[in-house]
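For reference, the structure discussed in these notes is given below.
The values are calculated or read from the model by the stated rules, or taken from the named source; none is laboratory data. Since this is a predicted model, take the numbers as computed values, not measurements. Reconstructed Cβ throughout: ideal geometry from the backbone, glycine too, with neighbour counts over all protein chains shown.
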């Protein structure tokens, strides 16, 4: 890959941003990743990226890194990947993203390549490019390049690829191929946005169709339908994985448009699943004759706290809050040490917190979590027989 496209700056200390850096490391390019919260740039050399396979591992080790001011990291960059973590509610997210964008693009230099990895509303990328033009005096497609590459969660793989100009030179294509996985065909920005809309809506339409059918059916009907579909292994994790994207799409559609009704129905269905899940937990407590004071609920959900989208974290927090209406003791079994609203315990360091003095209900929010919990109970606490609930479409209960 041409050294002329170095140095490279990644704005956002996210899992996705770190994966981009890891891919680039094999080319020995000067790469800086910016912690958007501390507002400082950290140089990621090849030996660092080889030693630490994730942002979490890097921070836990407290490795000594060369630091540089954000303004310098942006102004000298030949290419900037925009990968900030989004933790605001959807109402605030757009203004926060815009604020992040304004804070860095004012230092953009002529000839820079700007790659936006966040999903946007229809026309959102043209707005971003216009903002860069206004703040820098540069011309999109002439004195700087603008690329749209919304990444799949926790990966450096774009679902679509859009550009302010589709006749990209060979060096730029090589750079994108070196930083991103499975590069799609380059499209004009508006077509890339619409194609991304189609991919996300199609994914959720299929999901909520099954979800609504399972909610309508009784227990026997659920069991029968499960034998005719593989979608019953869709868990809460799968449902909220692109929730931010759906909300972004919804915000860009006008009231009265048929697609707006479609997207609103998806959001309503997903919200209904959480309520249905809470009611199922409440029914189990009642049917088993458990007393609230002697019942403990373990919510098991292994979440990467550094991925760009924050919907899993907010959904987990909301789920735990609502479960407190059922019983007093809730344990979120997770690797997210900084959440303050509920107790968090690391699955990798301690065993499952199960005791004989309390009735235990374990709510597993992903397929991997269910499989992990099942193995741990057999290996560590075979004498205890908790009720395990799969937070999947039919909400299966294992007694």
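Table for the structure above
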{"item": "Some residue of segment 254-268 being in a loop (DSSP other than H, G, I, E, B) and over 26 Å from residue 124 (Cα atoms)", "result": "no"}
{"item": "Pairs with Cβ under 8 Å, 6+ apart, first in segment 298-312 and more than 23 Å from residue 360 (Cα to Cα), second assigned to a strand (DSSP E or B)", "result": "308/86; 308/151; 309/86; 310/86"}
{"item": "Neighbours by Cβ (under 6 Å, 6+ apart or cross-chain): first from segment 107-119, touching a residue at least 40 places away in the same chain (Cβ under 8 Å); second part of a loop (DSSP other than H, G, I, E, B) and crowded, with 23+ Cβ neighbours inside 10 Å", "result": "115/149; 117/83; 117/149; 119/150"}
{"item": "Residue that is surrounded by the most Cβ atoms within 10 Å (Cβ to Cβ) [pool: residues in segment 110-127 that are out of contact with any strand residue (DSSP E or B) (no Cβ under 7 Å at 6 or more places or on another chain) and part of a helix (DSSP H, G or I)]", "result": "124"}
{"item": "Among the residues listed as 48, 34, 20, the single one being on the phi < 0 side of the Ramachandran plot and over 22 Å from the mean Cα position of the chain (by Cα)", "result": "48"}
{"item": "Any hit, segment 143-162, residues being in contact (Cβ under 8 Å) with a residue 60 or more places away in the chain, within 25 Å of residue 55 (Cα to Cα), outside the structural domain of residue 244 (by TED's automatic domain parsing) and over 23 Å from the mean Cα position of the chain (by Cα)", "result": "no"}
{"item": "For residue 20: the one exception among (1) touching a residue at least 60 places away in the same chain (Cβ under 8 Å); (2) in a helix (DSSP H, G or I); (3) surrounded by fewer than 19 Cβ atoms within 10 Å (Cβ to Cβ)", "result": "(3)"}
{"item": "Among (1) out of contact with any strand residue (DSSP E or B) (no Cβ under 8 Å at 6 or more places or on another chain); (2) within 21 Å of residue 305 (Cα to Cα), the one test that residue 26 misses", "result": "(2)"}
{"item": "Within segment 360-373, considering residues that are surrounded by fewer than 19 Cβ atoms within 10 Å (Cβ to Cβ) and in contact (Cβ under 8 Å) with a residue 24 or more places away in the chain, the one nearest to residue 208 (Cα to Cα)", "result": "367"}
{"item": "Leading residue by the ranking (farthest from the chain's Cα centre (by Cα)) among those in segment 278-310 that are assigned to a helix (DSSP H, G or I) and closer than 16 Å to residue 332 by Cα", "result": "281"}
{"item": "Top-ranked residue in segment 128-146 [being in contact with a strand residue (DSSP E or B) (Cβ under 9 Å, 6 or more places away or on another chain) and part of a helix (DSSP H, G or I); ranked as farthest from residue 94 (Cα to Cα)]", "result": "136"}
{"item": "Criterion violated by residue 251 - all others in (1) more than 25 Å from residue 159 (Cα to Cα); (2) modelled with pLDDT under 90 satisfied", "result": "(1)"}
{"item": "Residues satisfying the stated conditions in segment 75-99, i.e. touching a strand residue (DSSP E or B) at 6+ places or on another chain (Cβ under 8 Å), surrounded by 17 or more Cβ atoms within 10 Å (Cβ to Cβ) and assigned to a helix (DSSP H, G or I)", "result": "93, 97"}
{"item": "Within segment 163-204, tally of residues that are in contact (Cβ under 8 Å) with a residue 40 or more places away in the chain, touching a strand residue (DSSP E or B) at 6+ places or on another chain (Cβ under 6 Å), part of a loop (DSSP other than H, G, I, E, B) and more than 14 Å from residue 113 (Cβ to Cβ)", "result": "0"}
{"item": "Test result for residue 2, closer than 20 Å to residue 109 by Cα and at pLDDT 90 or above", "result": "no"}
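Residue by residue, here is whether (1) touching a residue at least 24 places away in the same chain (Cβ under 8 Å); (2) in contact with a helix residue (DSSP H, G or I) (Cβ under 7 Å, 6 or more places away or on another chain); (3) under 30 Å from residue 247 (Cα atoms); (4) not assigned by TED's automatic domain parsing to the domain that holds residue 176 holds:
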residue: 56; (1), (2), (3), (4): yes, no, yes, no
residue: 64; (1), (2), (3), (4): no, no, no, no
residue: 72; (1), (2), (3), (4): yes, no, no, no
residue: 76; (1), (2), (3), (4): yes, no, no, no
residue: 93; (1), (2), (3), (4): yes, no, yes, no
